[in-house]
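K.L.:
Sharing a structure, written as structure tokens. Questions coming.
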Amino acid sequence: MTAADGGGTTTLVVRVENKAGVLARVAGLFARRGFNIESLAVAPTDDERFSRLTIVVGVDAAPMEQVVKQLDKLVNVVDIRELNPAASVERELMMVTVRADPEIRGQILDLVRIFQATVLNVGYDEIMVSLTGSPSRVDDFEDLLRPYGIVDVQRTGKVALPKLVKAAPDPLAP
Amino acid sequence: MNMNGGQALMKALENEGVDILFGLPGGAILPVYDPLIDSSIRHVLVRHEQGAGHMAEGYAHATGRPGVAMVTSGPAATNIVTPLCDAYMDSIPMVVVTGQVPYAAIGTDAFQECDTTGITMSVTKHNYLVTEAADIPQVIHDAFYIATTGRPGPVLVDIPKDIVDPNNPRSAMEWYTPDSHDLPGYLPNQAGDAELIRQAAKLICEAERPVLYTGGGILKSRGAEALLELAEMTGIHVVTTLMNRGGFPDDHPLCLGMPGMHGNYTAVTAMQEADLLIALGARFDDRVTGKVGEFAPLAKIVHVDIDSAELGKVRRPDVAIQGDCRVVIEELVKALKEMGGSEAQPDRNQWRSRISGWQERFPLTYEQSKGDELLKPQYVLEQLRDSTPSDTIVASGVGQHQMWTSQYWKFNHPYTWVNSGGLGTMGFAIPAAIGAKAGRPDRMVWAVDGDGCFQMTAQELVTAATEGFPIKVALINNAYLGMVRQWQEMFYEERYSEVYLTRDVPDYKMWAEALGCVGLRVESPEEVGPAIAQANEINDQPVVVEFRCEAEENVFPMVPAGMSNSDVVVDPSQRDQPR
């Protein structure tokens, strides 16, 4: 199982002040406390004062409680949510260039169709495609493309939000 | 009011109540040294930037107010990294202002440029690179707030030259007085959870063998009085860690003194045998716990700390209370009173008699020197302790002399012990003593130093002499890096490697005199008292008293590194005693 499967990992969603050097503070803290980052995605939030970091941490590598508490001590860290993979929706984007001689291009396009991936660019003997999906689905797609010869691959690291409440409120409740 | 960034910096520091600044000017910070002339703040010109940092720390130790240092960029900034790390480890409130190359030059490898905020990120509670003159008042206001609230610590403010240089248009700004903090990620919490405090009180009322394990958080929270009330109401014994010496009076019958690697036998053993440890502002440091898995194996743990990351970091507590030590202790006292106060405490006579048995069998001890042997350092410290006022402030370096001072001094007042605990910074004593004297000019201040430590920061005695800080230095000269020598004796089969410093070079008496101090040399026990008395009389000059001490003296008790506290090695004369 790889990190992207969600096996042995926890996802931390960290809201930080959108200031210079904050990413270095977070990354530096992981390094000096001996915690390992599996993947990291950074983007501004709808409120321009803040950015959101989605950090996947190997749980075997670090006592998660210490990771969270030490992160929380950073002055620029506003709040931290720990997302259990089972209770959250996770997405990751992969762009990949694969060897695709004209006679086998059709096989690759079959996979693209099955996974509902997107063809981004086509060369004489290569093809570039992208897929957005759960990290495990992205893993599967990458595994299936590998035998054809992956020339270049770039994954964003996952982003996540908690799953929503399914049950409607009881209309009879006081 | 229109002003430039340099003037704004001085005004901002004045507004924070800064009365003294330890520093040394240089290129990038030069423009700030001009408005300094017109400021109410006193500047102390140090001889090395490390000294400025330790002086600020010593000032903070002795007064509880944040110490402030100001130095230039590049090598000055790197020279102050050690004090920053020291203050970070020991939670000392400190604000350090560093000069930086002009903003446009940052990242170009300019002369005396270094990545100061990058370098100090891991040794500060927080740091700032200020990019606009207009940000200076708010950043300084925030820096002092962060340094002094929550778990205190050092904050560094890096200031590019152009925003403080009156000849540069980027330094122009309009003064404003900040009245709030926009720090959405920083919300220090003071009060502990009431239900958890009740649970802690209940555990206390049930415990047969409780011990109050008190750390630096007592002094940081100004909680010594609250601790005294808690201890006296419950009759529970108190151990004071290296960072809390003075936080509970050594003369108090409930005081067991220092625990840990060189703690006294009773403090170490009482914690090992306890059924409840009430850890107040202490962090289960490896020098206290020994082998963690075998530390206080029978004890339930109540852990109170302002820093929630300390709760459960080393030992999983049964009750973890995040909050200010003083506030939580006061609430705990209230909760205990509601449960019946001292009446509700179980009969602990059996426990008390075990403790007094250990105290009788395993007091601190050493063998007095005989014939033409050199001085015993413990004797020197006993004499010094007995011939100075009880509220004397004592600063120490790091090593054997530090442990002997902590062991043999009687700390009966808070904020009288200034030392480098977490980082273990050799050379801390002299600059820290100067800072303490600057903060408490009414007090007698002694630095107890080793010969190894003394050689690291002795130049600051020039600062003491020229700036009018008549500190006194008791130099324990045993001609060795003594603690390392002790480890080589005990754990490396007496194979001594690079620990001998020589006995006579340098000539400490002459060196002291050259530095502007009175220099005295003491070689026999009968000279010790008179030399101390002479030093105590000198108030217009620093004094260095070199005590020529036995090289082979070891610090006992000792829990060898990595061993269980149950395996504490006592003084050779006590090894036949039943434990």
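K.L.:
Counting only residues that are over 30 Å from B:Pro572 (Cα atoms) and in the same structural domain as B:Tyr408 (by TED's automatic domain parsing), give me the helices (runs of 4 or more DSSP H) lying completely in region B:211-327 with at least 3 of them.
P.N.:
none
K.L.:
Among what's in region A:15-29 and is under 20 Å from the mean Cα position of the chain (by Cα) and surrounded by fewer than 15 Cβ atoms within 10 Å (Cβ to Cβ), pick the residue that is nearest to the other protein chains (Cβ to nearest Cβ).
P.N.:
Step by step, filter region A:15-29, then rank; the result is A:Ala24.
K.L.:
Oh, and also: Out of all the residues in region B:530-547, is one or more buried (at least 19 other Cβ atoms within 10 Å of the Cβ), in contact with a strand residue (DSSP E or B) (Cβ under 6 Å, 6 or more places away or on another chain) and within 28 Å of B:Tyr265 (Cα to Cα)? Even if it seems obvious, please write down each step before you answer.
P.N.:
From region B:530-547, those buried (at least 19 other Cβ atoms within 10 Å of the Cβ) are B:531-532, B:535, B:542-547; that's our starting set.
Subset that is in contact with a strand residue (DSSP E or B) (Cβ under 6 Å, 6 or more places away or on another chain): B:531, B:535, B:543-547.
After this cut, where a residue has to be within 28 Å of B:Tyr265 (Cα to Cα) as well, the list is B:547.
Within region B:530-547, one or more residues are buried (at least 19 other Cβ atoms within 10 Å of the Cβ), in contact with a strand residue (DSSP E or B) (Cβ under 6 Å, 6 or more places away or on another chain) and within 28 Å of B:Tyr265 (Cα to Cα).
K.L.:
Can you work out which of the residues in region B:352-382 that are of a type in the set (A, V, I, L, M) and farther than 24 Å from B:Leu254 by Cβ is surrounded by the fewest Cβ atoms within 10 Å (Cβ to Cβ)?
P.N.:
In this case the residue turns out to be B:Leu374.
K.L.:
Residues of region B:316-326 being surrounded by 19 or more Cβ atoms within 10 Å (Cβ to Cβ) and either more than 20 Å from A:Lys69 (Cβ to Cβ) or within 14 Å of chain A (Cβ to nearest Cβ) (or both), which ones?
P.N.:
Within region B:316-326, B:Pro317, B:Ala320, B:Gln322, B:Arg326 qualify.
K.L.:
Given the residues A:Val42, A:Val119, A:Val57, A:Val89, which is the only one that is free of Cβ contacts under 8 Å to residues at least 24 places away in the same chain and under 16 Å from the mean Cα position of the chain (by Cα)?
P.N.:
Going through A:Val42, A:Val119, A:Val57, A:Val89 in turn, just one is free of Cβ contacts under 8 Å to residues at least 24 places away in the same chain and under 16 Å from the mean Cα position of the chain (by Cα): A:Val42.
K.L.:
Condition first: over 22 Å from the mean Cα position of the chain (by Cα), of a type in the set (Lys, Arg) and modelled with pLDDT of 95 or more. Can you find one or more residues in region A:135-149 that meet it?
P.N.:
No, because not a single residue in region A:135-149 is over 22 Å from the mean Cα position of the chain (by Cα), of a type in the set (Lys, Arg) and modelled with pLDDT of 95 or more.
K.L.:
Right, something else. (1) touching a residue at least 60 places away in the same chain (Cβ under 8 Å); (2) closer than 28 Å to B:Ile218 by Cα: which one isn't true of B:Asp442, the others all being true?
P.N.:
That leaves (1) as the condition not met.
K.L.:
Out of (1) open to solvent by 10 Å² or more (accessible area, probe 1.4 Å); (2) of a type outside the set (A, V, I, L, M); (3) within 14 Å of chain A (Cβ to nearest Cβ), what's the single condition that is false for B:Arg287?
P.N.:
Of everything listed in (1) open to solvent by 10 Å² or more (accessible area, probe 1.4 Å); (2) of a type outside the set (A, V, I, L, M); (3) within 14 Å of chain A (Cβ to nearest Cβ), B:Arg287 misses just condition (3).
K.L.:
When residues of region A:30-47 are filtered for being open to solvent by 40 Å² or more (accessible area, probe 1.4 Å), within 13 Å of chain B (Cβ to nearest Cβ) and within 20 Å of A:Leu161 (Cα to Cα), how many remain?
P.N.:
Of the residues in that region, 1 qualify.
K.L.:
Additional query: Is one or more of the residues making up region B:328-350 open to solvent by 10 Å² or more (accessible area, probe 1.4 Å) and within 30 Å of B:Ala438 (Cβ to Cβ)?
P.N.:
No - not one qualifying residue is present in region B:328-350.
K.L.:
How about region A:66-84: which of its residues are within 13 Å of chain B (Cβ to nearest Cβ) and outside any helix (DSSP H, G or I)?
P.N.:
The answer is A:Leu74, A:Val75, A:Asn76, A:Val77, A:Val78, A:Asp79, A:Ile80.
K.L.:
Any residue at all in region B:383-392 that's under 18 Å from the mean Cα position of the chain (by Cα), open to solvent by 10 Å² or more (accessible area, probe 1.4 Å) and either closer than 28 Å to B:Ser91 by Cα or not assigned by TED's automatic domain parsing to the domain that holds B:Met258 (or both)?
P.N.:
yes
K.L.:
Mind checking which residues of region B:42-90 are part of a strand (DSSP E or B), open to solvent by less than 40 Å² (accessible area, probe 1.4 Å) and of a type in the set (A, V, I, L, M, F, W, C)?
P.N.:
Across region B:42-90, the qualifying residues are B:Val44, B:Val68, B:Ala69, B:Met70, B:Val71.
K.L.:
Of all strands (runs of 3 or more DSSP E) completely enclosed by region A:118-174, which ones contain at least 3 residues that are closer than 25 Å to A:Leu12 by Cα?
P.N.:
Once the strands (runs of 3 or more DSSP E) in region A:118-174 are filtered for at least 3 residues that are closer than 25 Å to A:Leu12 by Cα, what remains is A:126-133, A:150-155, A:159-162.
K.L.:
Pick from A:Arg146, A:Arg155, A:Arg105: which is in contact with a helix residue (DSSP H, G or I) (Cβ under 8 Å, 6 or more places away or on another chain) and open to solvent by 40 Å² or more (accessible area, probe 1.4 Å)? First the steps, then the outcome.
P.N.:
On the way: A:Arg146 fails: in contact with a helix residue (DSSP H, G or I) (Cβ under 8 Å, 6 or more places away or on another chain); A:Arg105 fails: in contact with a helix residue (DSSP H, G or I) (Cβ under 8 Å, 6 or more places away or on another chain).
Sole residue among the options that is in contact with a helix residue (DSSP H, G or I) (Cβ under 8 Å, 6 or more places away or on another chain) and open to solvent by 40 Å² or more (accessible area, probe 1.4 Å): A:Arg155.
K.L.:
Only one of (1) within 14 Å of another protein chain (Cβ to nearest Cβ); (2) in contact with a helix residue (DSSP H, G or I) (Cβ under 8 Å, 6 or more places away or on another chain) is not met by B:Leu277, so which one is it?
P.N.:
Looking at each condition in turn, B:Leu277 falls short on (1).
K.L.:
What's the number of the condition B:Gly118 fails, among (1) under 30 Å from B:Ile278 (Cβ atoms); (2) out of contact with any Pro (no Cβ under 7 Å at 6 or more places or on another chain); (3) free of Cβ contacts under 8 Å to residues at least 40 places away in the same chain; (4) within 11 Å of chain A (Cβ to nearest Cβ)?
P.N.:
B:Gly118 satisfies every listed condition except (1).
K.L.:
Name the single residue that is least open to solvent (accessible area, probe 1.4 Å) among those in region A:53-65 being outside any loop (DSSP other than H, G, I, E, B) and within 13 Å of chain B (Cβ to nearest Cβ).
P.N.:
A:Leu53
K.L.:
How many residues are hydrophobic (A, V, I, L, M, F, W, C), open to solvent by 20 Å² or more (accessible area, probe 1.4 Å) and under 15 Å from B:Ile163 (Cβ atoms) when one looks only at region B:27-41?
P.N.:
Total meeting the criteria: 1.
K.L.:
Tell me whether region B:136-157 contains one or more residues that are within 14 Å of chain A (Cβ to nearest Cβ), surrounded by fewer than 24 Cβ atoms within 10 Å (Cβ to Cβ), farther than 21 Å from A:Gln70 by Cα and among the charged types (D, E, K, R).
P.N.:
Among the residues of region B:136-157, not one is within 14 Å of chain A (Cβ to nearest Cβ), surrounded by fewer than 24 Cβ atoms within 10 Å (Cβ to Cβ), farther than 21 Å from A:Gln70 by Cα and among the charged types (D, E, K, R), which makes the answer no.
The values are calculated or read from the model by the stated rules, or taken from the named source; none is laboratory data. Please read all numbers here as calculations on a predicted model, not as lab measurements. Methodologically, a virtual Cβ is constructed for each residue, glycine included, from the backbone with ideal geometry; neighbour enumeration extends over all protein chains shown. Side chains included, ligands, DNA and RNA excluded: accessible areas come from the protein's heavy atoms. Shrake-Rupley method; radii C 1.70, N 1.55, O 1.52, S 1.80 Å.
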